[in-house]
Amino acid sequence: MKMLRLPLLLILLTCLGLLSAQPEKRGFDDGTTVTTTFKPKLMPASKLLIDPSIPKAQNSPINVDYLAQDYRWNTRKITRILPPAKHFEPGIDTSYNPNYARIGGGNLNHKLLELYMANRANSKWAYNGAFQHLSADVNGSLQDFSTNRGYISGARFFNRSSMEVRLNYGRDMNRFFAKDTIYKGDAAEIKKIGQNTGFNVLYDLKYKDRKPGFSAGFMFNNFFNNLKQSETEFGGRFGWDARFKKAATKGTLEVTNLQFRQSFNTVNQWFVDLNPRISFSKKDKALDINAGLNLSWVLRDTMDPLFYLNPFLQAEKKLEGLKMKIYGGIDGGLRRNSIRRFFESVPFTYDSIKIRNTYEQLKIFAGIKGSITDNSQFNLEFGNSTLANMPLIITNNDSIKSLQVIYDDVNNLYFMADARFSIGERIRVGATTRVNNYTAKNELQAWHLPNLTYAISAQYNLNRKFVFQVGVDGMSRRYNKVLDGPTNLEMKGFADLNCRVDYILKDMVRFWIQGNNLANMKYQTWYGYNNYRLTILGGLAASF
C-alpha cells in the first residue's frame, strides 16, 4: 500500500496544483464517421475503470493516424459516441447493465448530454440506440459550436447468420470566428450547419463447419448544409469467406455512387472496389501471411474511367521465446474524398472547396509489437507512404478567414512508438508518439500537418471509489499559407495538459470533473482559430 500511495499523491498534487494556478476508410462507408464505421468500441465490463473520456473542446489536435490501412484527419473528439461504462453484476448474469446516461456542463457554457440504451444480451435479438449532444457558447464571442450524434440499430441472430439494420443522424454547427471582433453583428450569416442522415443494412452468413460464409449489404447517406452544399451516397456490398486446409480467402466487392453539389455544379461518380485476400499460416515457423489486391474503378461524369491497382501484403512472425512479433507489409489504393467527409474533418471550409480523390501509390511499413512483461505492451513502427493528390489545408484570402483544400503529391517517412503498462487494475500509464517527415512535390510545406505528435497519460484507481487521471497531448509547430497571399505562416507547437477525477457511488452512479488545457495556453489547430483556453467540465453519470 505504501508503494501505491506515492503515485496517488503525485497525481493529486499535480491536478490540484495545476487547477489552483490558473485563472476514410476505403470503400463501404455508413456515413457516421469520416473514416471508419460507426461501431462503439466495447470493453469488457471487468476492465472498465472510468467513463469514456469527455470530448475535448472544439479544435482538438489533428490526428494523422499511423495505421497501416490509411491516413486520416480527425480534428475533434466529439463526433464519435463512445460506449458507456458498464457495471458487472455477479450472481445476476454474465453481462452488465446495458443502459447509461450522463449529463454535464462547464465554463464557456459547455453542455453535455449522453444516452445509451440496449437490451440485455440474448441469442436472438440485439437492439440499441445512442445519442450525444455537446456544445459551447462563449459569451461575447462567436467561438461556439454544437454537435449532435445519434443512431438506433437492431439485429436478428439465426443459427450462423444475422441481419442488422442501422439508422443514424448527425448535425454540426460551427462559426467562422477567426475575425469575430468584426462580425459579431452578422453572426447568423457566418455559421455553417451541416446535417447527415444515413441508413445501412447488412446480412452476414458466418463461415462454419467448412461451409463458406458471405455477406451482403446496402448503405445510403444524404448530407446537406446551409451553404448550399449537398451530397448523396449509396452503394451495395458483397463479401465472402472461404477456408481450406492450408489457406483461406476473404474479400469484398463494393459498388458506390457518390454525387455532390456546390456552387451550382454537380459532380457524379461511380466507384467499383474489389479487395480479394488470401491468408495462410505456417505454425511451425509462427508465421502469418495475408496477401491480395486493391482494385478500384472510378467513373466520373463523361470522363474516361480511371483504374487503380495496388498489391497488398501483410506478414507477422512470432519471435521464438519472446512475447513479441515482427511485422511488415505493403499497401496502397484509392482514398475517397467528398464534401461530407471534409465537413466533418475540416470544420471551417466555406461554400466551395476543391474535391479530388487521393491515391496512395505505395505504402511500406515494418515494426515490432508485443510485451516484455505480462502487464505491458508496446508497438514500434516505421514506414514510408507516397500519396498523389493528398489534401492540404490553407487559408482563403477572404474576409472571414475560411479554410480551403489544395492538393499536392506528398511523401511521408514516419516513425511511430506506443507503450503501455499497468499494475493490476489500479495504475495504468501510456505514451504514444509519431514523427513525420513530409516532402511535398510543389508546395513549400505540407500545410497544417505536424512533424511530431505525442500523448502521455496516467490513471490511478483508489479502491474503486476514486479514479484519478492526468495526461498531456501535444504537437510540434505547423505552417500555413494564404491563397494568393503570405506563405510560411507559423503555428506554434503546444502541450495540452488535462486532468480528471471520478467518484464512484454504489457502482451505478458516479460524479466526475475534468479540466482541459490546464496551462491556459493560447494555441491553434487551424490557422486563425484559437482553441479554447482553460476548460472545466463536470457532471453525473449513471447506468441502469
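The values are calculated or read from the model by the stated rules, or taken from the named source; none is laboratory data. What you see is a predicted model; the values in this text were computed from it and never measured. Glycine gets a Cβ as well: all are built from the backbone with ideal geometry, and neighbour counts include every protein chain shown.
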Tell me which residues, restricted to segment 243-265, are of a type outside the set (K, R) and either under 30 Å from K208 (Cα atoms) or in contact with a His (Cβ under 6 Å, 6 or more places away or on another chain) (or both).
F244, A247, A248, T249, G251, T252, L253, E254, V255, T256
Given the conditions (1) polar (S, T, N, Q); (2) touching a Lys or Arg at 6+ places or on another chain (Cβ under 7 Å); (3) at pLDDT below 80; (4) surrounded by 21 or more Cβ atoms within 10 Å (Cβ to Cβ), and given that Q132 satisfies all but one, which numbered condition is not satisfied?
(3)
Is it fair to say L403 is of a type in the set (A, V, I, L, M, F, W, C) and buried (at least 17 other Cβ atoms within 10 Å of the Cβ)?
yes
Tell me, please, whether a residue that is under 30 Å from F145 (Cα atoms), touching a Phe, Trp or Tyr at 6+ places or on another chain (Cβ under 7 Å) and either assigned to a strand (DSSP E or B) or hydroxyl-bearing (S, T, Y) (or both) can be found in segment 352-370.
no
Counted residues, segment 108-126 - those being of a type outside the set (D, E, K, R) and either surrounded by 15 or more Cβ atoms within 10 Å (Cβ to Cβ) or under 19 Å from V509 (Cα atoms) (or both)
9
Residue, farthest from M416 (Cα to Cα), within segment 453-500, restricted to residues that are among the small types (G, A, S) and in contact with an Asp or Glu (Cβ under 8 Å, 6 or more places away or on another chain)
A495
Cross-chain or 6+ apart pairs with Cβ under 6 Å, segment 199-224 first and closer than 23 Å to R261 by Cβ, then among the small types (G, A, S) and surrounded by fewer than 18 Cβ atoms within 10 Å (Cβ to Cβ):
F218/G236; F224/S230
Conditions first: (1) part of a strand (DSSP E or B); (2) surrounded by fewer than 18 Cβ atoms within 10 Å (Cβ to Cβ); (3) at pLDDT below 95. T181 passes all but one, so which condition is the exception?
(1)
Candidate set from segment 244-276 (those that are surrounded by 16 or more Cβ atoms within 10 Å (Cβ to Cβ) and charged (D, E, K, R)); member that is farthest from A315 (Cα to Cα)
R261
Which of (1) closer than 23 Å to F223 by Cα; (2) buried (at least 20 other Cβ atoms within 10 Å of the Cβ) is the odd one out, the single condition D331 does not satisfy?
(1)
Can you tell me which of I394, I427 is touching a Leu at 6+ places or on another chain (Cβ under 9 Å) and farther than 30 Å from N174 by Cβ?
I427
Within segment 92-100, can one find any residue that is modelled with pLDDT under 90 and part of a strand (DSSP E or B)?
yes
Residue within segment 508-523 that is under 27 Å from F177 (Cα atoms), more than 26 Å from the chain's Cα centre (by Cα) and either crowded, with 16+ Cβ neighbours inside 10 Å or among the charged types (D, E, K, R) (or both) present
no
Is one or more of the residues making up segment 314-322 surrounded by 15 or more Cβ atoms within 10 Å (Cβ to Cβ), of a type in the set (D, E) and within 30 Å of S376 (Cβ to Cβ)?
yes
In segment 135-145, what residues are part of a loop (DSSP other than H, G, I, E, B) and crowded, with 20+ Cβ neighbours inside 10 Å?
L142, Q143
Does segment 474-488 contain at least one residue that is touching a strand residue (DSSP E or B) at 6+ places or on another chain (Cβ under 7 Å) and within 30 Å of Y100 (Cβ to Cβ)?
no
What strands (runs of 3 or more DSSP E) completely inside segment 390-495 contain at least 1 residues that are closer than 30 Å to R533 by Cα and among the basic types (K, R)?
403-423, 427-440, 478-480
Report yes if Y460 is closer than 18 Å to T386 by Cβ, surrounded by 18 or more Cβ atoms within 10 Å (Cβ to Cβ) and of a type in the set (S, T, Y), otherwise no.
no
Over 20 Å from T386 (Cβ atoms) and either modelled with pLDDT of 95 or more or among the aliphatic types (A, V, I, L, M) (or both): which single residue out of L299, L309, L334 fits that description?
L299
